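Participant: The structure follows.
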Amino acid sequence: MLKNKLNYNMNLDIHILAKPADVATAICKRITSIANISNTLHIAISGGSTPALLFTQLAYKTYANINWKNVHFYWVDERCVSPINDESNYKMAKAKLFSIISIPSKNIHRIKGENEANEEALRYSNEIAQQLPIYNGLPQFDIILLGLGDDGHTASIFPNQITLLTDTRIAVVATHPKTAQKRISLTGSIINNAKYVAFMVMGAEKANIVNQIITLNNTEYPAAHIRPSYGMLEWFLDQEAAKML
Ligand code: 6PG
């Protein structure tokens, strides 16, 4: 690790690593350590491009000697497209991880982007409610992995839909503000109820938004509101994404 920064006014644990591969390794090791002390691990993963490196390391690196039959994968969000569409978060995770590891198909809780959006949000919410333990009245994930958009969104909670942060439902329909693409997303209530949340952010194009959130705590951005009520939050950044801190 290049350096840890504890942002005391926000008691954030921030890990800055030299390269993207080092970021993926650090998170991979964190997931492995949590998985190895859990009977059943419920983990929600994000989409976009950033997690690809992590999925590859989870699939191939020996330190990720995880017993996959005890791990259940969910998505933080999914685009309302078919699972074979290049936009699909599931498609990327399947290519990089699920097609390589040996994991029971029942442990993969895909958001069915091909379904009608409102019906799917309800179906997925019910699946989560049935599978996960309840804590403080809401399903509790063991791990939630988040990305960060350069507009400060996380999951599919965009700045113009900031009420989704406190929506008490489990999963809802969101709309991409530029493309109007429908998405299914976990709400901020569920994310902040998790035991452990990690942001994985890489690249110079994210440096400004990372600074807005970590240093300035600019609450116009949804990601600034991710503060697990009972759990732990960590940020894993490469040097490029952290260069304004
Ligand atoms: C999605 C993601 C989204 C993503 C950020 C960062 O479905 O797009 O869940 O929240 O994490 O947009 O995306 P990149 O990793 O591609 O920068």
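The numbers here are math on the coordinates, done by the rules we state, and not lab data. Here the structure is a predicted model, which means the values were calculated and not measured. Ideal geometry is used to build each Cβ from the backbone, glycine not excepted, and the neighbour counts take in all protein chains shown.
Participant: Count neighbours as other Cβ atoms within 10 Å of each site's Cβ, and list the GluC sites (Glu not before Pro) in region 137-245 that are DSSP loop with at most 15 such neighbours.
Facilitator: Answer by residue number: Glu220.
Participant: Which lysines, if any, have their Cα less than 27 Å from the Cα of Lys112, not counting same-chain residues under 8 positions apart?
Facilitator: Within the straight-line cut-off, Lys112 pairs with Lys69, Lys91, Lys94, Lys96, Lys178, Lys182, Lys195.
Participant: Something else: What is the distance in Å between the Cα centres of region 89-157 and region 172-224?
Facilitator: If we compute the Cα centre of each part, the gap is 16 Å.
Participant: In the calculated pair distance distribution of region 113-196, what percentage of Cα-Cα distances lie above 18 Å?
Facilitator: Working: 1434 of 3486 pairs.
The proportion of pairs with Cα distances above 18 Å equals 41 percent.
Participant: Which of Asn65, Asn208, Asn39 ends up with the largest GNM mean-square fluctuation for the chain, with Cα atoms connected below 10 Å?
Facilitator: Answer for the Gaussian network model of the chain: Asn39.
Participant: Ratio of Rg to Rh for region 4-114, alpha carbon only, Kirkwood?
Facilitator: A ratio of 0.99.
Participant: In the chain, how does Rg compare with the Kirkwood Rh, expressed as the Rg/Rh ratio over alpha carbon atoms?
Facilitator: Across the chain, the Cα-based Rg/Rh ratio is 0.93.
Participant: Sorted from fewest to most neighbouring beta carbons within 10 Å, what does the list Arg123, Arg183, Arg79 look like?
Facilitator: So the residues, fewest neighbours to most, are Arg123, Arg79, Arg183.
Participant: Tell me, which longest segment in the chain has none of the chymotrypsin sites (Phe, Trp or Tyr not before Pro) that fall in DSSP loops with at most 12 further Cβ atoms within 10 Å?
Facilitator: That gives 64-229 as the longest site-free run.
Participant: Next question. Would you order Asp77, Asp142, Asp86, Asp150 from fewest to most other beta-carbon atoms within 10 Å of each residue's own beta-carbon?
Facilitator: Details: Asp77 25, Asp142 22, Asp86 7, Asp150 13.
Placing the least packed residue first, the sequence is Asp86, Asp150, Asp142, Asp77.
Participant: Across bins of 5 angstrom width beginning at 0, how are the C-alpha pair distances of region 54-151 distributed, in whole percent?
Facilitator: Once binned at 5 Å, the Cα pair distances of region 54-151 give 2, 11, 19, 23, 21, 15, 7, 1, 0.
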